[in-house]
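The values are calculated or read from the model by the stated rules, or taken from the named source; none is laboratory data. Note that the structure is predicted; figures quoted are calculated from it, not measured. All Cβ positions, even for glycine, are placed from backbone atoms using ideal geometry, and neighbour counts span all protein chains on display. Calculation scope for accessible area: heavy atoms of the full protein, side chains included, ligands and nucleic acids excluded. Shrake-Rupley method; radii C 1.70, N 1.55, O 1.52, S 1.80 Å.
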Amino acid sequence: MKNFLVTVKNRLGAGWQLFIQAVSENERKSLTIAVSLVIFSIIFSVSVGYAQKSVRKDELNTLVNQQMQSDYITPFAYEEGDAAIESSPAISVMFAQPHGDSLENILTILDTPKQKEELNRTFYYYPLVYNSSKIAENYNLDPTKITFIFFQKGQEKNRFVVEDLNDLNKEFVPELNRLPMWRLKDQNENN
């Protein structure tokens with residue numbers, strides 16, 4: 001084993017010496033190759049970052065936002081939720097993961113004719129897919145639970161957690177209607 005390590009060490013040392021000798025003999029060519037590698041690395045890193053953002057946006061639009069087939073839910077586009085909350089004079093937002101029984105129950109409730117009559121507002125959907133722990137920290141919520149929050153000029157005014165309701169079928173729509181906000185459709189028409 002010792003002989004093997006000594007042999008490997010000697011070969012690596014000899015290879016390094018040959019590399020240094022080749023670089024010193026062809027300094028201009030070596031410098032061109034080194035600069036090209038650095039430029040390629042920078043371009044590759046930037047393109048990977050951009051591609052990741054683009055892929056996440058496309059995934060969110062195709063896998064998450066298209067499942068929201070309700071007249072009352074408007075999904076936020078990727079990375080636009082925080083800006084919309086800050087810039088809007090008043091906004092109701094549902095923070096939820098794009099899967100789970102509670103979300104399915106909410107979508108079912110919103111689809112019933114009786115609830116459609118009783119519900120007096122629309123709200124935005126902030127999917128907790130990417131950076132959910134950061135979003136949960138920013139808005140002080142549990143990312144595993146569905147939370148509705150009303151914001152006025154970027155400040156939280158009221159909230160409720162769906163999983164805290166005793167009878168979802170009876171309490172959900174009245175609780176949602178209690179969020180202090182006018183109809184988003186009316187607000188958007190006035191702008």
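Output the residue which, of all residues in segment 86-101 that are more than 20 Å from the chain's Cα centre (by Cα) and in contact (Cβ under 8 Å) with a residue 60 or more places away in the chain, is surrounded by the fewest Cβ atoms within 10 Å (Cβ to Cβ). Among those that are more than 20 Å from the chain's Cα centre (by Cα) and in contact (Cβ under 8 Å) with a residue 60 or more places away in the chain, it is Pro89. When Val173 is tested against (1) modelled with pLDDT of 80 or more; (2) open to solvent by less than 20 Å² (accessible area, probe 1.4 Å), only condition (1) is not met. I want to confirm something. Restricting to segment 8-23 and keeping residues that are of a type in the set (A, V, I, L, M) and open to solvent by less than 70 Å² (accessible area, probe 1.4 Å), which single residue is nearest to Val35 (Cα to Cα)? Going through the qualifying residues, I end up with Val23. Does Asp167 count as modelled with pLDDT under 80 and among the charged types (D, E, K, R)? Answer is no for this residue. Mind checking which residues of segment 147-163 are among the aliphatic types (A, V, I, L, M) and either free of Cβ contacts under 8 Å to residues at least 40 places away in the same chain or open to solvent by 10 Å² or more (accessible area, probe 1.4 Å) (or both)? Val161 - this is the single residue of segment 147-163 that is among the aliphatic types (A, V, I, L, M) and either free of Cβ contacts under 8 Å to residues at least 40 places away in the same chain or open to solvent by 10 Å² or more (accessible area, probe 1.4 Å) (or both). Restricted to helices (runs of 4 or more DSSP H) entirely inside segment 80-162, those with at least 1 residues that are aromatic (Phe, Trp, Tyr) are 132-139. Filtering segment 102-137 to residues that are surrounded by 15 or more Cβ atoms within 10 Å (Cβ to Cβ) and at positive phi leaves nothing. Within segment 165-179, residues that are over 13 Å from Thr112 (Cα atoms) sit with their Cβ atoms under 9 Å from residues that are open to solvent by 30 Å² or more (accessible area, probe 1.4 Å) and among the basic types (Lys, Arg), at 6+ positions apart or across chains, in these pairs: Leu179/Lys157; Leu179/Arg159. Considering the conditions (1) in contact with a strand residue (DSSP E or B) (Cβ under 9 Å, 6 or more places away or on another chain); (2) open to solvent by 70 Å² or more (accessible area, probe 1.4 Å); (3) touching a residue at least 24 places away in the same chain (Cβ under 8 Å), Asn140 is excluded by exactly one of them, (3).
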